[in-house]
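The structure under discussion appears below in the form of structure tokens.
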Amino acid sequence: MFTCTGYAATAADARLAPFTFERRDPGPTDVQIDIHYCGVCHSDLHQARNEWRNTVFPCVPGHEIVGIVRAVGAEVTKYSAGDRVGVGCMVDSCRECPSCKAGLEQYCEPGARFTYNSPEADGKGHTFGGYSRQIVVDQDFVLRVPDSIDFAAAAPLLCAGVTTWSPLRRWKVGPGQKVGIVGLGGLGHMGVKFAVALGAEVTLFTTSESKVADGKRLGAHRVVISRDSAAMAAEADSFDFILDAVSANHDINAYLACLKLDGTLVQVGAPEDPLPVSVFGLLMKRRSFAGSLIGGIGETQEMLDFCGEHGITCDVEMIRMDEINEAYERMLKSDVKYRFVIDMATLPEAA
Ligand code: NAP
Ligand code: ZN
Ligand code: ZN
């Protein structure tokens, strides 16, 4: 074991603060990574505050990790010291169930081992995430970050990127389709970029009038202010596909009504309370309402490679580690353009 420093929440109502803990020494198939940057996902906030009611404290959040390989175990073949790598929301899975065999590790039947807040493999304690100096991960759950993309701006691809990429690919979004993205936050801004890059006609739905110009700069062909009920009514029955990345409770039926016959709304935003669904809104046009959880390891690499080829990264605002609590408050006000990334060089040496 070695001692690692990081930032943790010790209770749902506690501010994040410096924290020291132990990580395992790299085993034969492990990669030991010096973390350079970690994105700040809204899921970190939900979990640090126990909004999904399953947080194990102390909680070291962070699952949008990029860093440089420091050392590898004796049997590691995929990486070597000095490589630019990433770690997303998972650090392991059973590898044997049908989901794992299909490259859908996030739906592992016994349960994927998530980067934080999951039981450790040895049964002692739970996983700690990327708001920390180093992490040790099995090589099969480490991703390669293309050399051509900015390192800090690549970090949020590991969650916000793949979480939007996966449903867009699964539902075969492409040319000739009218696609809506709801909420211009960390996930939503990547949803807009990917849907545009895949060739769809893209409409951004936002509650924030201040984001209209940015929505267009990011590639959206149209922007609709979702608080404007007349503007929403004008969108009725017209979309093939809508991706909803809203973090808070909101009226899902207003978006279901925008789908045309056989259209699909995929929910990736994960508000803490259930969203009431109008059954008639679904059955009158044979609409589908689906969910999607992050993405598999293979498709995460596919997404990173696509970003490398097309020069796609996230729009990030760099923060110091000690600014994390203020960043959470700003995220709750939808005041982030469009992802906070922690510069891990600002983490104090010792807690
Ligand atoms: P974020 O950066 O905070 O963005 C959320 C956006 O939702 C805001 O920018 C805002 O966009 C909109 N919004 C916020 N409050 C709203 C309200 N009351 N009514 C309507 N719109 C509102 O969050 P994120 O990191 O992108 O995460 C979004 C959600 O996805 C979170 O719940 C997160 O936990 C979840 N998530 C799910 C997965 C998955 O696997 N399914 C993976 C990662 C994250 P506008 O200002 O444009 O309206
Ligand atoms: Zn996330
Ligand atoms: Zn499995």
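Every number here is computed from the coordinates shown, using simple stated rules; none is lab data. All of these numbers come straight from a predicted model, not from anything done at the bench. Neighbour counts are summed over all protein chains in view; Cβ atoms, including those assigned to glycine, are modelled from backbone coordinates with ideal geometry.
Please rank E96, E120, E64, fewest neighbouring Cβ atoms within 10 Å first, as an exposure proxy.
Details: E96 11, E120 15, E64 34.
With the sparsest Cβ surroundings first, the list reads E96, E120, E64.
Can you tell me the relative contact order of the stretch 52-204? Whole percent, Cα pairs under 8 Å, sequence separation 6 or more.
21
So if we plug the beta-carbon distance of D25 and S80 into 1/(1 + (r/R0)^6) with R0 = 25 Å, what FRET efficiency do we get, rounded to 0.05?
Working: r = 18 Å, r/R0 = 0.71.
My answer for the efficiency is 0.90.
With a/c under 1.5 counting as rounded, go ahead and sort the stretch 1-116 into rounded, prolate or oblate using the C-alpha gyration tensor (a ≥ b ≥ c being the square roots of the eigenvalues; past the cut-off, prolate if a/b is larger than b/c, else oblate).
Working: a/c = 1.99, a/b = 1.21, b/c = 1.64.
Note, shape of the stretch 1-116 comes out oblate.
For the stretch 236-351, give the magnitude of the charge dipole about the Cα centre (Cβ charges: +1 Lys/Arg, -1 Asp/Glu; no others), in debye to the nearest 20.
Working: 9 positive and 20 negative charges, 126 e Å.
Result for the stretch 236-351 is approximately 600 debye, rounded to the nearest 20.
Order 170-183, 139-152 from most to least packed using the mean count of other Cβ atoms within 10 Å. Can you show the working numbers first?
Values: 170-183: 19.5, 139-152: 17.9.
Most protected by this proxy first, the peptides run 170-183, 139-152.
For a quick check: sort R84, R222 by the number of other beta carbons within 10 angstrom, fewest at the front.
Numbers: R84 18, R222 14.
Listing R84, R222 from fewest to most nearby Cβ atoms yields R222, R84.
For G180, enumerate residues with amide H under 5 Å from its amide H, sequence gap 5+ or separate chain, H modeled in the peptide plane.
Residues meeting the amide H criterion: T203, F241, I242, L243.
Show me, for the stretch 262-271, the HN-Hα J-couplings you get by feeding each phi into the Karplus relation (A = 6.51, B = -1.76, C = 1.60, θ = phi - 60°), rounded to Hz, glycine and proline as x.
For the stretch 262-271, the Karplus-derived couplings read 6, x, 10, 10, 9, 8, 10, x, 10, x Hz, x marking Gly and Pro.
Using a Gaussian network model of the chain whose springs link C-alpha atoms within less than 10 Å, name the residue from I319, I135, I294 with the highest mean-square fluctuation.
Among I319, I135, I294, the largest mean-square fluctuation in the Gaussian network model of the chain belongs to I319.
Rounded to whole Hz and in sequence order, give me ³J(HN,Hα) for the stretch 235-242 from the Karplus expression 6.51 cos²θ - 1.76 cosθ + 1.60, θ = phi - 60°, writing x for Gly and Pro.
Couplings: 8, 4, 6, 10, 9, 6, 8, 10 Hz.
Where in the stretch 310-351 are there GluC sites (Glu not before Pro) that are in a DSSP coil and have at most 11 other Cβ atoms within 10 angstrom of their Cβ? Mind showing how you got there, number by number?
Values: sites: E317, E323, E326, E329, E349; in loops: E349.
Qualifying residues, ordered by number: E349.
Out of R169, R53, R133, any idea which swings most in a Gaussian network model of the chain, alpha carbons joined below 10 Å?
In the Gaussian network model the winner is R53.
What are the residues whose amide H is under 5 Å from the amide H of S238, where those residues sit 5 or more places off or on another chain and H is modelled from the backbone?
The answer is L259, K260.
How fast does the stretch 166-233 diffuse by Stokes-Einstein, in µm²/s, taking the Kirkwood radius from C-alpha pairs at 25 °C and 0.890 mPa s? All intermediate terms of the calculation are to be shown ahead of the outcome.
Numbers: Rh = 11.9 Å.
Stokes-Einstein gives a translational diffusion coefficient of 207 µm²/s.
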